[in-house]
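Presented below is the structure to which this report refers.
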Amino acid sequence: MQTVLHRWSDRRPVPWKNGGGITHDVASWPPGAGADDFHWRVSIADVDAPGPFSTFPGVDRIITLIEGGSMVLDLQNEGRQHTLTPGEPFAFSGDDTLACHLPEGPTRDLNVMTRRGVCSGDVSVHQVTDPLTLGGNSRRHLLVALSDAVADERTSQRTDEAWELDRLDVLEFSAAVQVRAGLVAVIRIW
């Protein structure tokens, strides 16, 4: 797989599956797949008001708050609540009935969805101060810039393979890359 750069400025907002808000699709597989037939999907959603989440039967989901204060998830199937804080990935089933509350106002979150039995994924958040090497195996990785000027170690050498990300840009890759600085979310799909 080649390295693909997804610029935030190229993302167009689309309505949520339940019509309650907007999301910005970042990447999905297979290409052109819709809300009911993707293998995996990564998006960034704006949550401006409290309300229900869309259900995605047969899908495992991971949500990570990337802007705003906190979000309280009401996991109605389990009869409990979970408070999300920025940078904390939270996994749940797309089969579950959820609603959110926004005690500190609007938020923005990173969403990773994988079709159960087809593929899996995970998310980690890193404040990179020393170079961090990622990838280098057959898994698909996506690097989401949560700060400006996230760059490959080779950027200073100005090679053809060098890249630099602005806030909310995403780099999709499988070959090894080295991040030299910045706040990033790393998504692995296998």
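The values are calculated or read from the model by the stated rules, or taken from the named source; none is laboratory data. Quantities reported herein were computed from a predicted structural model and do not represent experimental measurements. Here Cβ is always computed from backbone atoms with ideal geometry, including for glycine, and neighbour counts include all displayed protein chains.
What the table shows:
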read-out	value
All strands (runs of 3 or more DSSP E) inside the range 90-134 with 1 or more residues being small (Gly, Ala, Ser)	90-93, 98-101, 121-128
Residue in the range 141-163 that is modelled with the lowest pLDDT, counting only those that are under 26 Å from Gly21 (Cβ atoms) and surrounded by fewer than 19 Cβ atoms within 10 Å (Cβ to Cβ)	Asp148
Residue count for the range 3-37, restricted to those that are assigned to a loop (DSSP other than H, G, I, E, B), exposed (fewer than 14 other Cβ atoms within 10 Å of the Cβ) and in contact (Cβ under 8 Å) with a residue 24 or more places away in the chain	2
Selected residue [under 18 Å from Met113 (Cα atoms), basic (Lys, Arg), at pLDDT 90 or above and in contact with a strand residue (DSSP E or B) (Cβ under 9 Å, 6 or more places away or on another chain)] from Arg7, Arg41	Arg41
Which listed residue is over 23 Å from Asp10 (Cβ atoms), under 17 Å from the mean Cα position of the chain (by Cα) and among the polar types (S, T, N, Q), from Thr97, Thr85	Thr85
Only one of Glu164, Glu104 that is without any contact (Cβ under 8 Å) to a residue 24 or more places away in the chain and either more than 16 Å from the chain's Cα centre (by Cα) or farther than 27 Å from His39 by Cβ (or both)	Glu164
Restricting the range 112-140 to residues that are surrounded by 19 or more Cβ atoms within 10 Å (Cβ to Cβ) and in contact (Cβ under 8 Å) with a residue 60 or more places away in the chain, the residue that is farthest from Val184 (Cα to Cα)	Arg115
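Residues are listed down the side, and each one gets a yes or a no for (1) assigned by TED's automatic domain parsing to the domain that holds Arg61; (2) acidic (Asp, Glu):
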| site | (1), (2) |
| --- | --- |
| Ser93 | yes, no |
| Thr97 | yes, no |
| Leu102 | yes, no |
| Asp130 | no, yes |
| His141 | no, no |
| Val150 | no, no |
| Leu171 | no, no |
| Ala175 | no, no |
| Val184 | no, no |
